[in-house]
Amino acid sequence: MGHLIPPSIMPFVLPVLYAVVIVAVLPLLAGYIVLMERKVMADMQARLGPMRVGPHGLLQPIADAVKLLLKEDIIPDKADRLMFWFAPLVSVTMALLAYSALAIGPAFQIADLNIGLLFILAISSLGIYGIVLGGWASNSHYSLLGALRSAAQLVSYETAAGLGLISVLLLAGSLSMKDIVQAQLDQGVWFGFSVPFGFFIYLVGSIAETNRAPFDLPEAESELVAGYMTEYSGFRWSLYFLAEYANMIIVAGIATTLFLGGWLRPGARYHEHIPGTGIEWLDALPALLTLGVALYSLKLAPTQPVKIQKIVMVLVAVLCLGVACVLAGALFAPPAVMQGIHGAFWFMAKVFAYIYAFLWIRFTFPRYRFDQLMRLGWRFLIPLALVNVIGVGVAIVLRQQFAWGPIVSLIPTTLATLGVAMLLAKDDAPVAEAQTAAGE
Amino acid sequence: MIPVDDYLFLSLALFTIGVIGVLTRRNVIIMLMSIELILNAVNINLMVFSRMWGTVDGQVFAIFIITDAAAEAAVGLGIILAFFHNRETVLADEMDIMKW
Amino acid sequence: MQTLNQALFIFFAVLAVASAILMVTRRNIVHGAVFLITTLLSTAGIFLLLQAEFLFIVQVILYVGGIMVLFVFVIMLVNLDVSMRQVQFNRQWFVAGALALVLAGQFLFAIWVGRGALRLPAMASEISPKNTEAVADALFSHYMLPFEIASILLLVAMIGAVVMAKRRAG
Amino acid sequence: MSDERTTKTISGMDSVNTTVLGADEIILNMGPQHPSTHGVLRVKLKLDGERVAGSECIIGYLHRGVEKIAEHRSYQQFAPYVDRMDYVAAVSNGLGYCEAVEKLLGTEAPPRARVVRTILTELQRIASHLLWLGTHALDIGALTPVFYCFREREEILKIFEKYCGARLTTHAFRIGGLQYETYDGFEEDTKRFCNDFAHKIDEYETLLTENRIWVGRTKGVGILNAADAIALGVTGPVLRASGVKWDLRRAQPYAAYDQYEFDIPTRETGDTYDRYVVRMEEMRQSRRICLQAVENIPTGPIMARIGKVLKPPPGEVYHSIEAPKGELGYYIVSDGTTQPYRVRVRPPSFINLQAFDKMAKGALIADVVAIIGTIDIVLGEVDR
Amino acid sequence: MVQRLKARFGDAIREASLDRKQAIVLIAVEQLREISRYCRDEEKFDMLVDLTAVDWPKREKRFDVVLNLYSFAKNERLRLKAHAGETEPAPSVCEIWPAANWMERECYDMFGIVFEGHPDLKRILLPDEWQGHPLRKDYDILKQDTDWVRENLGIESGQ
């Protein structure tokens, strides 16, 4: 195929292909994450969630998308027309741009920049403009307050999340996503386990960065009525919505690559198997999983009340069956192909697990007040992250000087950070009284 | 071997626009932004010559300029906010007294 | 590769100059800020062309992601529509403009004389020491002292900003 | 609140940003149809930046003139109106009114009726507190408790439906006793509900009480000390959370409360967290009362012997009961005819809402929502 | 307790009676504030449970201002009644019990009794520009302030 395309643009073909795939798949993925969120929320709250559109609400995202497209697109009359049109565009492009450095599988990566991680951080930090300009352009008091609050929140939690990442970079030694995963393979341990606090800080930081769960103050329904998105409707609003979910997937992707060993199969270290012979049973797991889903949906098909729901269920079953065959087939293919496909599967599995954790946290915790949110960010997370980074640095020095094992050297770090965390947490609680008593 | 002149022309253009911005505009914020523009023009020059000599000193110096721009912007905007808070105006002409 | 490189440079250059001009002339500051952001992003692009990846990232994160957010914050907090109505250019704009052009002319002449003398080495396919590592080494070896001074500078700036805010809020 | 400093808008563009930074306060209007004001309550907040400098509640959007209607209805005809006032706790409204008229007539409901009335009122108290907990948690951002609470409340409403056919505005009691005999499965249903309700409450406790964010959002918010509470006439859980151990069911027992022992939960600081703990404890106590009452429901008539047409001797009476929101009182003046001359309802929510301004001063916007939730007001009762 | 009141205020205490085992004391409206302060401080009636009014159109002093008090210490209730005329204002008890604030505003809104000394006496339930006081006996139940309805709601009121 190489000779068909003139050599000068040869290096650009594959990345462009991947980019097209990602941009096409993303809205669908975001839609289905919304469905997953509503389903998970429902079963946590002892109810069923969307069931009406398609079997078990599987067609709900498509219905939402169509509704959003048809909805009338209102622009407040005194709004700043140029900014109003430009703001959601900014946040969506930034969200999509950040995918370029994300390494889905060993092969499936648009551009392996050697400053991959920094690039994603930089681009996602530009997302703030979409929100701030959006809040400003809709020219209403509520959305401006919401925009300012969310910008302040993003800026402060970006530092916390960034510091959380640095502690991992010290271990990995490189910025490029592929090398980080490689480092985790060589050291045989996922960084999530070796630097637990870094993982915790990044988890909290990423939740705050995507305006979700306990930190979703900007669009806190009760006071500011959907914050900066108040004046948007119809397609424009769905752009913001898409940007938010795309950000969520990016953040999950970064966390998976850095803390959960990207596309590495759990227990990847014993991976030196010869193709066709000692395939570890773990490799077959993906195929078996998708096969199970296919059988389940087949069993469900006849029970669907409406005829077309039966067809949809059968369709879903066929789709899962196909994926299962691909995964099974890959087992016998040369290792490069097998790694590519299985890598992508494991990466997506971990991303979805991380997003499930997002949803889980979202439905158990009440919302933080704005000043508590800021206090948590600046007074608790950032100092903790700093201590963590120093701790990891010390651990690395220990490992080089006294050749301790990678794990052994990190234990003092975790203990030290734990101690500091307790210290900081202790003086957080009683502050609430003092502050309101002063206000009295 | 690409000639260096295109980059120099570009940074000169940005530099002149920045200077014009500072000198002619009345709004203080726009003046601050024009200063950022001038600093950016200087950065381009540094990068070009660092690339030409093949060393990284130029880039390191550019980093220092950016940090300095950050510090300058922070304090500058602080002053503007304080001034706006008291005098409700943002125009350079009306900032004629030192102590308000 | 050469033509693509040239095309990119022209694109970034034109974008930078155009948005710079727009920034200076716009009546609405928010539009001005957005145009400044486009200028900064296009200069970041030029850094990439000059194979300075780390600087590209620093420019994007620090300049656009940090300082410009500060600017946009202040613009929103400042009472915008009154200033939009006033005259945008001060009285002596004509004299200032002429002076600036004279200054530009001198620089132009200086560059014109040395035209073609300096050459950029060809676009190396793979930079030997990765750019980030090289900058890092330099930063922490030769430039240790300036690095510390820069950090003190930032500290002073932070304290200044805090004092400014506290006095106002007090 | 006389100086009405609205934001100065400069000609042309309605400037949004003038006062974001400006020194003068901005008037933020949480309008009648705000998602978290538990009904049509409008609060004008004077904000100094993020803090509330002063607040004024504007009510009356749901005013139906119930007291005027009462003067043109006979005693029995007015009973259903009473349920519409505090529509969340209709049964206890009915109990208050019926007992007030019985006092006016000088008669007493038979023992069996009194015990069944106590059981139904206590179930209604649990239902009302469940609704309060659900909406209060939802305002502060916890999305899950509201569904758990409504699942339990559903059980109670089923019992009401089986007993008197209606779920919300039940009109379960008649003056002089009860209209309907208890359906045969009544004792079992209540017992089953009370038994599995025990660990349900613990479920909410684990979800919220130790939750750092919940504590952070509620502790120290909307503080009301005992002296202010009494001066402002605040009653019910809000008063008990401020440290005053007073409950009408114990102080002046009515219906069959004197036969059962239950304790009265109180807390000291009187902030949102204490009110939350007091109400959770009250749900447990109500459950205890129900269990004791269901054990021995005395047999006997369910209706006292009073004529079809009630003509109470002229005079007046004031009778009050412990409704879930506070002391619900009825001051009835009769002029000997079949229609009451004047019925005055003492609504707990109306008077508790008065304390809102004292609690909200100095709080943040996000707390205003929590404070409205913690007073547990129902606008039907506030506006009458 | 009534003797102590009589000793203190003499003829201001018109009559004391028991109706359905509830203590009622009829007092002169001029002394309302002093008697209320006395009840709160000496007699420990520290909570004003309710403040309302009853309209007797046939009497020359047509309104009954009724205060229900409750004492936590003695666990007792007391009802003070005072006859107030249509025009002359009744003294406000807001300084003694802040709880009276909204209740007095409601009485003014419904009956038109002016409480002098009230910090912010304006209508609480009805819109401010509403004419007439609904709970008065002569205010027919079907009557409505038709012009307020027409100009604000733009509909011809149904009655």
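The values are calculated or read from the model by the stated rules, or taken from the named source; none is laboratory data. Being a predicted model, the structure only gives us computed values, none of them experimental. Counting neighbours? That spans all protein chains shown, and the Cβs are built from the backbone with ideal geometry, glycine included.
With respect to the conditions (1) loosely packed, with under 12 Cβ neighbours inside 10 Å; (2) more than 8 Å from chain B (Cβ to nearest Cβ); (3) at pLDDT below 85, C:Gly116 lacks only one, and its number is (2).
Residues in the range A:172-192 that are in a helix (DSSP H, G or I) and either in contact with a helix residue (DSSP H, G or I) (Cβ under 8 Å, 6 or more places away or on another chain) or touching a residue at least 40 places away in the same chain (Cβ under 8 Å) (or both): A:Ala172, A:Met177, A:Lys178, A:Asp179, A:Ile180, A:Val181, A:Ala183, A:Gln184, A:Leu185, A:Gln187, A:Phe191, A:Gly192. If the condition is being surrounded by fewer than 16 Cβ atoms within 10 Å (Cβ to Cβ), aliphatic (A, V, I, L, M) and either away from chain E (no Cβ under 12 Å) or in contact with an Asp or Glu (Cβ under 6 Å, 6 or more places away or on another chain) (or both), then the range D:42-75 contributes only D:Ala53.
Would you call A:Cys320 over 17 Å from A:Ala103 (Cβ atoms), assigned to a helix (DSSP H, G or I), under 26 Å from the mean Cα position of the chain (by Cα) and not charged (D, E, K, R)? The answer is yes for A:Cys320. Whether any residue in the range C:38-47 is closer than 19 Å to B:Ala70 by Cβ, in contact (Cβ under 8 Å) with a residue 24 or more places away in the chain and at the interface with chain A (Cβ under 10 Å from one of its Cβ atoms) is what I want to check. Scanning the range C:38-47, I find no residue that is closer than 19 Å to B:Ala70 by Cβ, in contact (Cβ under 8 Å) with a residue 24 or more places away in the chain and at the interface with chain A (Cβ under 10 Å from one of its Cβ atoms), so the answer is no.
For first residues located in the range E:109-121 and without any contact (Cβ under 8 Å) to a residue 60 or more places away in the chain, partners that are surrounded by fewer than 17 Cβ atoms within 10 Å (Cβ to Cβ) and not β-branched (Val, Ile, Thr) and lie 6+ apart or on another chain with Cβ distances below 7 Å form the pairs E:Asp109/E:Arg123; E:Val114/E:Pro89; E:Phe115/E:Pro89; E:Glu116/E:Pro89. Condition test on B:Arg25, is it buried (at least 20 other Cβ atoms within 10 Å of the Cβ) and closer than 20 Å to C:Thr25 by Cβ? Considered against the rule, which asks whether it is buried (at least 20 other Cβ atoms within 10 Å of the Cβ) and closer than 20 Å to C:Thr25 by Cβ, B:Arg25 comes out as yes.
Annotation: of all residues in the range A:54-83 being within 14 Å of chain D (Cβ to nearest Cβ) and assigned to a helix (DSSP H, G or I), the one that is modelled with the highest pLDDT is A:Met83. Those helices (runs of 4 or more DSSP H) of the range D:68-143 in which 2 or more residues are without any contact (Cβ under 8 Å) to a residue 40 or more places away in the chain occupy D:75-85, D:111-140.
Considering each residue of the range D:79-99 in turn, none proves to be among the β-branched types (Val, Ile, Thr) and either within 14 Å of chain A (Cβ to nearest Cβ) or more than 17 Å from the chain's Cα centre (by Cα) (or both). Just one residue in the set A:Phe365, A:Phe370, A:Phe347 is under 26 Å from A:Ala252 (Cβ atoms), out of contact with any Gly (no Cβ under 8 Å at 6 or more places or on another chain) and touching a residue at least 60 places away in the same chain (Cβ under 8 Å); that residue is A:Phe370. What are the residue pairs meeting all of these: first residue in the range D:265-278, first residue aliphatic (A, V, I, L, M), second residue crowded, with 22+ Cβ neighbours inside 10 Å, Cβ atoms under 8 Å, and 6 or more apart or on different chains? These pairs meet every condition: D:Val277/D:Ala241; D:Val278/D:Pro237; D:Val278/D:Arg240; D:Val278/D:Ala241. Looking at the range D:266-281 only, could you name the residues that are buried (at least 20 other Cβ atoms within 10 Å of the Cβ) and touching an Asp or Glu at 6+ places or on another chain (Cβ under 9 Å)? Across the range D:266-281, the qualifying residues are D:Thr266, D:Gly270, D:Asp271, D:Thr272, D:Asp274, D:Arg275, D:Arg279. Within the range A:69-81, is there a residue that is crowded, with 17+ Cβ neighbours inside 10 Å and assigned by TED's automatic domain parsing to the domain that holds A:Ser176? Yes; the residues of the range A:69-81 include at least one that is crowded, with 17+ Cβ neighbours inside 10 Å and assigned by TED's automatic domain parsing to the domain that holds A:Ser176. Being modelled with pLDDT under 90, outside any loop (DSSP other than H, G, I, E, B), crowded, with 17+ Cβ neighbours inside 10 Å and among the hydroxyl-bearing types (Ser, Thr, Tyr) narrows it down to one of C:Ser19, C:Ser42, C:Ser83, so name that one. It is C:Ser83. Of the residues making up the range B:46-78, those that are closer than 20 Å to C:Ala136 by Cβ, within 7 Å of chain C (Cβ to nearest Cβ) and β-branched (Val, Ile, Thr) are B:Val56, B:Val60, B:Ile63, B:Ile66, B:Thr67. Of all residues in the range D:233-248, those satisfying the criterion of being among the β-branched types (Val, Ile, Thr) and outside any helix (DSSP H, G or I) are D:Val234, D:Thr235, D:Val244.
Consider the range D:300-342 and keep the residues that are surrounded by fewer than 18 Cβ atoms within 10 Å (Cβ to Cβ) and within 14 Å of chain E (Cβ to nearest Cβ). The one that is farthest from D:Arg250 (Cα to Cα) is D:Thr337.
Being at pLDDT 75 or above, more than 21 Å from C:Val64 (Cα to Cα) and among the charged types (D, E, K, R) is the filter here, so list the residues in the range B:41-100 that pass it. B:Arg51, B:Asp57, listed by residue number.
Check the range A:156-172 and report whether any residue there is within 12 Å of chain C (Cβ to nearest Cβ) and of a type in the set (Asp, Glu). For the range A:156-172, residues within 12 Å of chain C (Cβ to nearest Cβ) and of a type in the set (Asp, Glu): present. Since E:Ala23 meets every condition but one in (1) surrounded by 22 or more Cβ atoms within 10 Å (Cβ to Cβ); (2) among the hydrophobic types (A, V, I, L, M, F, W, C); (3) part of a strand (DSSP E or B), which condition does it not meet? It is condition (1) that E:Ala23 fails.
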